[in-house]
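The values are calculated or read from the model by the stated rules, or taken from the named source; none is laboratory data. All values derive from a computational prediction rather than experimental measurement. Glycine also receives a Cβ, built like all others from the backbone with ideal geometry; neighbour counts cover every protein chain displayed. Quick note on the areas: whole protein, heavy atoms, side chains included, nothing else; ligands and nucleic acids left out. Shrake-Rupley method; radii C 1.70, N 1.55, O 1.52, S 1.80 Å.
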Amino acid sequence: MDLGLKNKTVVVTGGTSGIGLATVELLLAEGANVAFCARNQTTLTEISAYLENKFPTSNILARCCDVLEKDQLDIFAKAVEERFGNINALINNAGGGRVSTFSNTTDEAWVAELNLKFFGVIYPTQAFLPLLEGSDNPSIVCVNSLLALQPEPHMVATSAARAGLLNLVHSMAKEFARKGIRVNSILLGTIESGQWQKRYDKAKSSNEPHTESYEAWLNQLAKQKNIPLARFGHPEEPAKALLYLASPASSYTTGSTIDVSGGMAKHI
Ligand code: NDP
């Protein structure tokens, strides 16, 4: 199936690692122009060089930008407009999860987590909305988690924030439908990525069990978590769902979610 992304322009936040990087690569393979951002300039430079080598004829724009900094987003959006004009899709992906229970989450950690999950979507959407308006079949896709519907006590702040984001996506979908802009999200289970690699490195340095290799550790976690498909997802798997929702192939879908959790959802 042709997703209709060739020569379309897509912005991806958090494009240097894990799900964001897999999404950027799939978009480039589809012939889209891609602008992406992240905070670490060294990684951005390395990833840009890797992508330009792998996709030599592609249009890539990489910018250092923190999605929680409005000024940086305005500069990023201006650079995108100068290079590509309007954009067809915005993929709000940047971020990460926070492991903490109610008892050990400080006030500062609550504020930081709620800030990241809400404003990590609100600020990029504000910055790129003018470039989405008036473009062909515009779409916003947000990376969310199954925690929005199935909270976990060991990720209390992330779960609560994710539920709020799911609610926000519905309101945005209703409001932006008038402008023809679709807004959807994906609900993830556990996807192997940079943040899991970091958690593995920490477990290994603390000599926790099953840390002889990253793969063995992930397999053990998948078993513990009772994932029906019995494994972590690969970053390309949610990336494919993101491409579908970002593309004109999903032109009659808004205010909706795709579950990419390997069967972890308990609801019907
Ligand atoms: P990674 O750590 O592999 O990638 C995160 C990316 O986001 C990096 O490019 C990082 O670069 C960037 N980033 C993080 N914070 C910011 C910021 N404030 N501004 C701009 N860029 C930022 O993680 P994942 O691929 O796992 O995560 C992607 C999304 O998926 C996140 O929103 C995460 O919460 C969500 N998710 C992931 C799950 C999983 O199991 N992997 C489960 C549920 C949700 P840099 O650090 O340089 O800024």
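With respect to the stated conditions, Gln224 is polar (S, T, N, Q) and more than 12 Å from the ligand (Cβ to nearest atom). Filtered by the rule that a residue be in contact with a strand residue (DSSP E or B) (Cβ under 9 Å, 6 or more places away or on another chain) and assigned to a loop (DSSP other than H, G, I, E, B), the range 82-109 gives Gly85, Asn86, Ile87, Asn88, Asn93, Ala94, Gly95, Gly97, Arg98, Val99, Thr101, Thr106.
With respect to (1) open to solvent by less than 30 Å² (accessible area, probe 1.4 Å); (2) within 13 Å of the ligand (Cβ to nearest atom); (3) within 22 Å of Ala173 (Cα to Cα), the lone exception for Glu113 is condition (3). Total residues in the range 222-268 satisfying the condition of being assigned to a loop (DSSP other than H, G, I, E, B), open to solvent by 70 Å² or more (accessible area, probe 1.4 Å) and under 17 Å from Gly15 (Cα atoms): the figure is 1.
Just wondering, is there one or more residues in the range 220-234 that are more than 22 Å from Leu28 (Cβ to Cβ) and touching an Asp or Glu at 6+ places or on another chain (Cβ under 8 Å)? Yes, the range 220-234 has at least one match.
Answer yes or no as to whether Phe118 is aromatic (Phe, Trp, Tyr), modelled with pLDDT of 95 or more and closer than 22 Å to Asp259 by Cα. Yes; evaluated as a whole, the condition is true for this residue. The set of residues in the range 1-57 that are within 16 Å of the ligand (Cβ to nearest atom), of a type in the set (D, E, K, R) and over 24 Å from Gly233 (Cβ atoms) comprises Arg39, Glu46.
Quick grid of which residues meet (1) open to solvent by less than 60 Å² (accessible area, probe 1.4 Å); (2) in contact with a Leu (Cβ under 8 Å, 6 or more places away or on another chain):
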{"residue": "Leu51", "(1), (2)": "yes, yes"}
{"residue": "Thr57", "(1), (2)": "no, no"}
{"residue": "Leu61", "(1), (2)": "yes, no"}
{"residue": "Cys65", "(1), (2)": "yes, yes"}
{"residue": "Val80", "(1), (2)": "yes, yes"}
{"residue": "Arg83", "(1), (2)": "no, yes"}
{"residue": "Asn86", "(1), (2)": "no, yes"}
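Pairing each residue of the range 57-81 that is farther than 17 Å from Leu131 by Cβ with any residue that is in a loop (DSSP other than H, G, I, E, B) and open to solvent by 40 Å² or more (accessible area, probe 1.4 Å), provided the two are 6+ apart or on different chains, yields C-beta distances under 8 Å for Cys64/Arg39; Cys64/Asn40; Asp66/Arg39. A residue that is among the small types (Gly, Ala, Ser) and part of a loop (DSSP other than H, G, I, E, B) occurs nowhere in the range 155-166. Quickly run through the range 116-145 and pick out the residues that are buried (at least 22 other Cβ atoms within 10 Å of the Cβ), touching a residue at least 60 places away in the same chain (Cβ under 8 Å) and either in a loop (DSSP other than H, G, I, E, B) or near the ligand (Cβ under 10 Å from one of its atoms) (or both). Matches in the range 116-145: Gly120, Pro124, Val143, Asn144.
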